[in-house]
Amino acid sequence: MTQAQWIRNIFKPLAFLLCLSPFLLLALDWYLEQLSANPIDDVTDTTGTWTLRFLMVTLALTPLRKLTGWNWLIRFRRMTGLFAFFSVCLHFLTYVYLDQFFLWEEILADIQKRPFITVGFASFLMMIPLALTSTDRMTKWMGGKRWKRLHRLVYFIALGGVVHYLWLVKADTQRPLTYGAILLILLGSRLWFFWSERARRAIPVATAK
Amino acid sequence: MLIKRGPEIPSSEVTPESVYHGRRTFLKKAAFATAGLATAGVAGPLTSSARPQNPGWNRPPAGPYNTDEDLTSFKDITTYNNFYEFGTDKDDPYKNAGDFKTRPWRLTIEGEVRKPAAYELDDFLKPYKLEDRVYRLRCVEGWSMIIPWLGFPIGDVVRKVEPTSRARYIEFTTLHDPRQMPGQKRPVLNWPYVEGLRMDEAMHPLAIFVVGLYGKELPNQNGAPFRIVVPWKYGFKSCKSIVKIRFVENEPRTTWNIAAPNEYGFYSNVNPDVDHPRWSQKFERRIGEFRKRRTMMFNGYGDQVASLYTGMDLRKHF
């Protein structure tokens with residue numbers, strides 16, 4: 001098998017199962033009554049946490065590829081991104097259905113009045129166009145440049161996700177700040193690559209003159 | 001005219017009131033016993049936290065101090081806790097409080113009292129008569145439980161220690177011992193945990209000192225060996241593992257109030273009309289239930305405690 005075949009036939013299905021496993025485990029825990037006394041909160045927490053984790057992994061793939069030269073990493077980025085979207089959909093549904101039980105009045109009030117929900121909801125909304133334009137056909141239709149520009153929204157989405165987490169905790173900010181630190185490193189590495197690439201490109205231009 | 005009398009029911013066949021009122025508990029107990037039998041063989045000796053509820057315990061009849069709502073299971077009460085001294089996750093207290101040493105336990109009563117003293121807890125407890133109190137517990141996070149506490153009114157103690165005329169508040173302090181309470185190793189809150197009540201609140205017969213639940217010794221994760229419970233206030237007002245009771249003239253600076261003064265007021269009475277700045281307090285999820293229910297003013301104890309706050313703006317004094 002060629003590398004492309006290995007990836008398509010073996011590693012992608014494996015990665016898919018791996019990405020799915022936290023949700024399967026959550027469902028199993030619910031079924032076996034292994035969750036806490038407040039299972040709905042557990043589902044909210046778990047799906048929210050995994051949204052952030054998938055976002056971080058998605059954002060880590062590009063810098064990791066540049067660091068290692070493993071170009072195949074990029075072929076998993078759509079999958080991890082879509083799993084972040086899958087997770088946030090479950091998170092939002094849990095909130096609307098299990099938590100608020102479709103009390104739209106309460107939900108709208110929450111979105112307006114509670115900054116952590118406003119930010120979280122905004123991030124969720126921004127993820128929708130990214131998920132919709134994730135197919136090959138949409139990418140082609142949009143053209144690489146526009147597609148790339150649109151998908152830079154992910155930086156704001158991840159930032160919004162971390163702020164959402166930070167603003168909802170009562171006193172213990174350790175976990176949201178950890179995600180914040182990881183995000184800072186990931187975004188910082190992009191800037192670093194951006195500047196070093198520009199510097200490298202600048203040199204031949206200077207000698208040509 | 002002949003009035004026919006119904007058949008006499010022999011007194012031996014009448015269900016004693018305590019058993020009648022304990023019928024739900026009985027069913028739960030039966031379920032617990034079955035579960036215990038099923039797992040005991042594989043799980044080995046049950047830990048203190050997983051022990052089934054006290055089989056000899058009977059639920060007290062409904063009354064002003066006892067709700068007749070369905071009890072939250074012993075398992076849920078002892079595995080889902082906010083007790084940051086043992087960690088900030090809900091199951092941390094259950095996991096980390098197992099080795100907590102609750103004896104010997106020194107308790108001091110100080111400040112504006114005629115009889116300040118230091119006690120060994122068991123000596124301190126001797127004069128007081130324990131009673132079951134089935135209370136609603138409403139957490140500020142939006143969930144609630146029905147818990148059968150075992151304790152006695154705070155007022156009983158206050159009368160005994162004779163506060164001076166300057167005593168207007170009581171301040172309660174939790175043990176500070178990071179070796180035993182791993183949560184205190186991080187500055188999540190301003191340790192030690194301090195809570196307070198106005199004197200008339202503390203004297204209210206609903207406000208109690210607690211040493212047990214489900215009729216037996218308080219599990220460590222629930223604030224052993226000695227805590228208060230104030231059922232019309234959010235749960236965090238009910239200070240746990242108390243080592244110091246101080247009578248003071250001025251309103252004590254309480255831990256959550258220090259952490260976020262705009263979110264947690266000194267009074268923190270359960271109030272569906274005053275939202276937490278970050279979430280609504282209109283509804284709550286009763287542990288074990290699916291749909292949320294409406295939160296009641298003063299957690300349903302309004303008839304008994306509302307008069308403590310006459311003339312006060314509860315939006316300002318939240």
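Below is a table of values for the structure above.
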quantity: Fewest-first sequence of A:LEU108, B:LEU213 by Cβ atoms within 10 Å of each Cβ; calculated: A:LEU108, B:LEU213
quantity: Karplus-derived 3J(HN,Hα), 6.51/-1.76/1.60, for each residue of the range A:12-28, Hz, glycine and proline x; calculated: 5, x, 5, 4, 4, 5, 4, 5, 6, 4, x, 6, 5, 5, 4, 5, 5
quantity: Between the range B:279-312 and the range A:39-110, the Cα center-to-center distance that results, in Å; calculated: 34
quantity: A:PHE16, B:PHE226, B:PHE290 arranged by Cβ crowding within 10 Å, fewest neighbours leading; calculated: B:PHE290, A:PHE16, B:PHE226
quantity: Ratio Rg/Rh, restricted to the range B:17-309 and using Cα atoms, in which Rh is the Kirkwood radius; calculated: 0.95
quantity: Calculated from backbone phi, Karplus (6.51, -1.76, 1.60) coupling profile of the range B:140-146 in Hz, x at Gly/Pro; calculated: 4, 7, x, 10, 8, 9, 10
quantity: Exposure proxy ranking, count of Cβ atoms within 10 Å, fewest first, for B:ARG285, B:ARG159; calculated: B:ARG159, B:ARG285
quantity: Test item: A:164-173 mean partner chain Cβ contacts at 10 Å; calculated: 4
quantity: Partner chain coverage, peptide B:276-287 - average Cβ within 10 angstrom; calculated: 4
quantity: √(5λ) per eigenvalue of the Cα gyration tensor, the protein assembly as shown, largest first, Å; calculated: 53, 29, 23
quantity: Built amide H within the under 5 Å cut-off of B:GLU112, gap 5+; calculated: B:PHE247, B:VAL248
quantity: Straight-distance crosslink candidates among lysines, where the alpha carbon sits under 19 Å from A:LYS140 and sequence neighbours closer than 8 are dropped; calculated: A:LYS148
quantity: Distance violations [Cα-Cα > 29 Å] among B:LYS90/B:LYS233; B:LYS95/B:LYS282; B:LYS129/B:LYS185; B:LYS95/B:LYS160; B:LYS292/B:LYS316; calculated: B:LYS95/B:LYS282; B:LYS129/B:LYS185; B:LYS95/B:LYS160
quantity: Per-residue HN-Hα couplings for the range B:199-216 [Karplus 6.51, -1.76, 1.60; θ = phi - 60°; Hz; x = Gly/Pro]; calculated: 3, 5, 5, 5, 7, 5, x, 6, 7, 10, 7, 10, 10, x, 8, 6, x, 9
quantity: Distance from the range B:190-246 to the range B:79-141 (C-alpha centre basis), Å; calculated: 6
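We did not get these values from a lab; they are worked out from the coordinates using the rules stated. Here the structure is a predicted model, which means the values were calculated and not measured. Note that we place each Cβ from the backbone using ideal geometry, even for glycine, and neighbour counts take in every protein chain shown.
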